[in-house]
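S.K.: Got a structure for you, questions after.
What follows draws every value from the coordinates through simple rules; no lab data is involved. Only a predicted model underlies this, so the values are computations on that prediction, with no experimental measurement involved. Reconstructed Cβ throughout: ideal geometry from the backbone, glycine too, with neighbour counts over all protein chains shown.
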Amino acid sequence: MAGLVFVLDLLFAIQVFFFGDGSWLVQSGLILSTAAFGWVLFVHPRILIFDEGITVVNPFATTTFGWAEVESIETQYAFTVESTKGRVVAWAAPAPGRYHARNLHATELKGVEYDRDFGLRPGDSPKSQSGAAAHVARKRLAEFRKFKKVDSVAYSKRLNRTGIILAGFSLAFLALSYLLR
């Protein structure tokens with residue numbers, strides 16, 4: 001999705017350069033603002049899984065949980081970390097649509113832990129982004145609970161200033177272009 005946004009921005013920049021009407025500053029600002037907003041929404045979010053815990057980086061906040069605090073990993077609507085300190089949904093790993101489970105084969109589920117009584121949710125599928133991240137996170141959580149050889153990191157939540165500034169920049173240029181229309 002980010003690649004599509006960046007390619008469209010590049011094509012728009014070429015169009016402004018060759019066929020612009022002189023209002024290049026506002027048009028360049030629109031190009032930069034959509035590229036920045038695309039980066040904030042599609043490139044910046046990620047999930048970092050390590051021995052001591054898990055970090056969920058969303059566009060406007062970064063949250064780190066130690067494995068000792070994590071109660072469960074859910075994948076119903078998106079990759080979600082539930083802990084004693086709160087609940088965080090990861091933008092980087094959404095669950096697939098409800099019909100995704102129809103395309104699964106039994107051989108794809110070897111080694112994947114899911115509730116055998118309830119069945120497999122589409123979000124637990126190893127083919128989905130949420131399922132792949134949940135599989136790795138659940139394995140690390142199980143290893144932590146089994147061995148407890150590694151200390152857990154402390155819970156932390158901080159605002160993502162870069163994401164907030166770029167989103168504000170994007171919205172300001174969109175408002176400016178609307179006013180100068």
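S.K.: Please compute the Kirkwood hydrodynamic radius over segment 1-80, one decimal place, Å, based on all pairs of different Cα atoms.
M.R.: Answer for segment 1-80: a Kirkwood hydrodynamic radius of 15.4 Å.
S.K.: Report the full-extension gain for the segment residue 32 to residue 161: residue separation times 0.36 nm, less the Cα-Cα distance, to one decimal in nm.
M.R.: 44.6 nm
S.K.: May I pose another question? Could you list log10 I(q)/I(0) for segment 44-100 at q = 0.14, 0.22, 0.23 Å⁻¹, which the Debye formula gives when each Cα is one point scatterer?
M.R.: At q = 0.14, 0.22, 0.23 Å⁻¹ the computed log10 ratios are -0.36, -0.82, -0.89.
S.K.: Could you derive backbone 3J(HN,Hα) for segment 132-137 from the dihedral phi with the Karplus parameters 6.51, -1.76 and 1.60 (θ = phi - 60°), listing whole Hz in sequence and x where the residue is Gly or Pro?
M.R.: Per-residue couplings from phi come out as 5, 5, 5, 4, 5, 5 Hz.
S.K.: Moving on to the next point. Amide H to amide H under 5 Å from residue 93: which residues, 5+ apart in sequence or cross-chain, H placed 1.01 Å off N in plane?
M.R.: Here the answer is 79, since their amide H atoms fall under 5 Å of that of residue 93.
S.K.: Would you mind computing, in nm to one decimal, how far apart the modelled labels at residue 12 and residue 151 are, each placed 7 Å from Cα along Cα→Cβ?
M.R.: 4.9
S.K.: Here's another thing I want to ask about it. 5 Å is the cut-off here: which amide hydrogens, built 1.01 Å from N in the peptide plane, fall below it relative to residue 69, excluding neighbours closer than 5 in sequence?
M.R.: The list, which skips near neighbours in sequence, is empty: none.
S.K.: Where the centroid of each part is defined by its Cα atoms, how far is segment 128-158 from segment 49-69 in Å?
M.R.: 9
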